[in-house]
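The block underneath contains the structure these notes are about, expressed in structure tokens.
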Amino acid sequence: MASIYASDLQGHFDWVAENDETPRRVQSGFHAQMADFHRQHIPEGQKVLEWGCGPGDLLKALNPSRGVGIDLSPRMVRRAREAHPEETLEFRHGDILRSEVAEGFDHIVLNYLIGYLPDIQQALEKLKASSYPRTRLHITSLNTLWRYPLKWAERLGFVVRQPQSNWLSMQDLINLLEISGWEVIRTGTEQIVPFKIPLVTTVLNRFLVKLPFFRHFGMTLHLVARPRIPPRIDHSPSCTVVVPARNESGNILAALQRIPRMGVGTEVIFVEGNSTDDTWEVIEREVAAYDGPHSVRAIRQPGIGKWDAVFAGFEIATGDVLVIQDADLTAPPEDLPKFYDAVASGTTEFANGSRLVYPMESEAMRFLNLLGNKGFAMALSYVLGQNVKDSLCGTKMFLKKDYHRILERMRVFGDFDPFGDFNLLFGASLLDLKIRDIPVKYRDRTYGDTNISRFSHGWMLIKMVWFGLWKLKWV
């Protein structure tokens, strides 16, 4: 049955390759929208594999360092080769159910292909031969609500005739990915208007389809997933703990004593941040006297703000894994191994601390701060497309190589975040890194006062969320 189905499908797309002019007529519409969408998730210069590549326009638009496009139709492959002769692009004839590409790609794209497959689970399982732990699988499919409108569009000649296809809900797609060995990172919908209509398309596709309720009417379902392949770790990665410290002289010795050893070795870097007390003098004294298991260093930040301090520390870090440990110690250092185990094992790629799970000590977080944190977390989860329970917990851990990728991805947005939390979370989201919350037990301060101002910093947080809406969500 599958071979008959494949034969019919090949015949259809052979006919499309020779006769259909729709892709040229709507180049500024549907196909351009899909190219823009995929460019948001796939940076230039990546290794990209696209199954069902058609005439190769999407693969070309992604500007990969190496792009392989495979299609069931030999005529479509020939058309793609003629249209895109670039050395970085390769087009092949193949059937996703019968062929395997034993080569690791950074991104695998199935753009409106999955609805035509007679055995979706088998296809998804075969894709793992082309993946490694950091591969991202991008799937787009038609929202079943559009089934009958598209039938009418076919009859009126606005859309090329479509072969018989599967009609999959978002939950169907999630279920198929999970039983095939993939973990879903994000889901969503795109396009209420799949054509270019000045102003109308921008309003509906950029804003309306991203809002609650209206998102159910998007024409395109999209999912990003990663393979559930445990990374091969040849050694226990080293770890660098950066401790930004401003007016925290009473916590320096406790931090040194309480930070646990992680991996083959733990490096601790204190970054003093323009303190008005004797924090720098205490850091110098304790670092000089330290004879414990860690490698310990200290610097003074060159600028102002927490992000400047964290950035300065990460710039000189030598560990494979990086983590921020606030010097107030309200998020206990004893919890850091939980973060380390999650990142080193590949269970997560960005470990984000959450203070809003376990009961807090009485003075750990004031009521207005608690309400603000919950509200900002809800807004940020919407922006990121992944659930984050506590956006402002200082403890965040990730691989050093991912940190450099985050910096590169965020460079186009400039210096907008004095805290650093949003720089890191926004960058992780743009890279489709898997973000997971790691609950921590939030404690009372034992020394000093908080450096957070509820109202002035609250206003900054509102601006950060608004920035995220415009730069990440409503694009």
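The values are calculated or read from the model by the stated rules, or taken from the named source; none is laboratory data. Quick caveat: nothing in here was measured; it's all calculated off a predicted structure. For neighbour counting, all protein chains shown are included, and Cβ atoms are generated from backbone atoms with ideal geometry for every residue, glycine included.
Here are the numbers for the structure shown:
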| quantity | calculated |
| --- | --- |
| Boolean, A288 is surrounded by fewer than 17 Cβ atoms within 10 Å (Cβ to Cβ), over 23 Å from the mean Cα position of the chain (by Cα) and of a type in the set (G, A, S) | yes |
| Residue check, L110 crowded, with 19+ Cβ neighbours inside 10 Å, in a loop (DSSP other than H, G, I, E, B) and either among the aromatic types (F, W, Y) or in the same structural domain as K196 (by TED's automatic domain parsing) (or both) | no |
| Restricting the range 149-172 to residues that are among the small types (G, A, S) and within 21 Å of E190 (Cα to Cα), the residue that is modelled with the lowest pLDDT | A153 |
| Filter pass, T202 being in a strand (DSSP E or B) and modelled with pLDDT under 95 | no |
| Filter result for I438 (more than 16 Å from F339 (Cβ to Cβ) and either at pLDDT 80 or above or outside the structural domain of W307 (by TED's automatic domain parsing) (or both)) | no |
| Residue identified as under 30 Å from F105 (Cβ atoms) and in contact (Cβ under 8 Å) with a residue 24 or more places away in the chain among R226, R246, R258 | R226 |
| Top-ranked residue in the range 253-269 [being within 29 Å of the chain's Cα centre (by Cα) and not in a loop (DSSP other than H, G, I, E, B); ranked as surrounded by the fewest Cβ atoms within 10 Å (Cβ to Cβ)] | E267 |
| Some residue of the range 36-43 being more than 23 Å from R405 (Cα to Cα) and assigned by TED's automatic domain parsing to the domain that holds R186 | no |
| Test set (1) crowded, with 21+ Cβ neighbours inside 10 Å; (2) in a loop (DSSP other than H, G, I, E, B); (3) of a type in the set (A, V, I, L, M) - L223 fails condition number | (2) |
| Meets criteria (assigned to a helix (DSSP H, G or I) and polar (S, T, N, Q)) for T140 | no |
| Residues that are of a type outside the set (A, V, I, L, M) and more than 16 Å from D172 (Cα to Cα), drawn from the range 212-231 | P212, F213, F214, R215, F217, G218, R226, P227, R228, P230, P231 |
| Test: residue in the range 240-253 that is closer than 30 Å to P332 by Cβ and of a type in the set (S, T, Y) | yes |
| Single residue of K389, K401 found to be in the same structural domain as L336 (by TED's automatic domain parsing) and modelled with pLDDT of 90 or more | K401 |
| Flag if S275 is at negative phi, of a type in the set (S, T, Y), touching a residue at least 40 places away in the same chain (Cβ under 8 Å) and in contact with a helix residue (DSSP H, G or I) (Cβ under 8 Å, 6 or more places away or on another chain) | no |
| E82, sole failed condition from (1) of a type in the set (D, E); (2) exposed (fewer than 15 other Cβ atoms within 10 Å of the Cβ); (3) within 16 Å of L49 (Cβ to Cβ) | (3) |
| Number of positions in the range 270-300 that are hydroxyl-bearing (S, T, Y) and either within 17 Å of D320 (Cβ to Cβ) or outside any loop (DSSP other than H, G, I, E, B) (or both) | 2 |
| Sole residue being outside any helix (DSSP H, G or I), over 30 Å from K471 (Cα atoms) and among the charged types (D, E, K, R), chosen from E50, E87, E82 | E87 |
| Matching residues in the range 123-153 - criterion: being buried (at least 18 other Cβ atoms within 10 Å of the Cβ) and of a type in the set (V, I, T) | T135, I139, T140 |
| Out of V68, V77, sole residue that is buried (at least 17 other Cβ atoms within 10 Å of the Cβ), among the β-branched types (V, I, T) and assigned to a strand (DSSP E or B) | V68 |
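For (1) in contact with a Leu (Cβ under 9 Å, 6 or more places away or on another chain); (2) at pLDDT 95 or above; (3) not hydrophobic (A, V, I, L, M, F, W, C), each residue gets a yes or a no:
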| residue | (1), (2), (3) |
| --- | --- |
| L58 | no, yes, no |
| R98 | no, no, yes |
| I108 | yes, yes, no |
| I114 | yes, no, no |
| S131 | yes, yes, yes |
| H138 | yes, yes, yes |
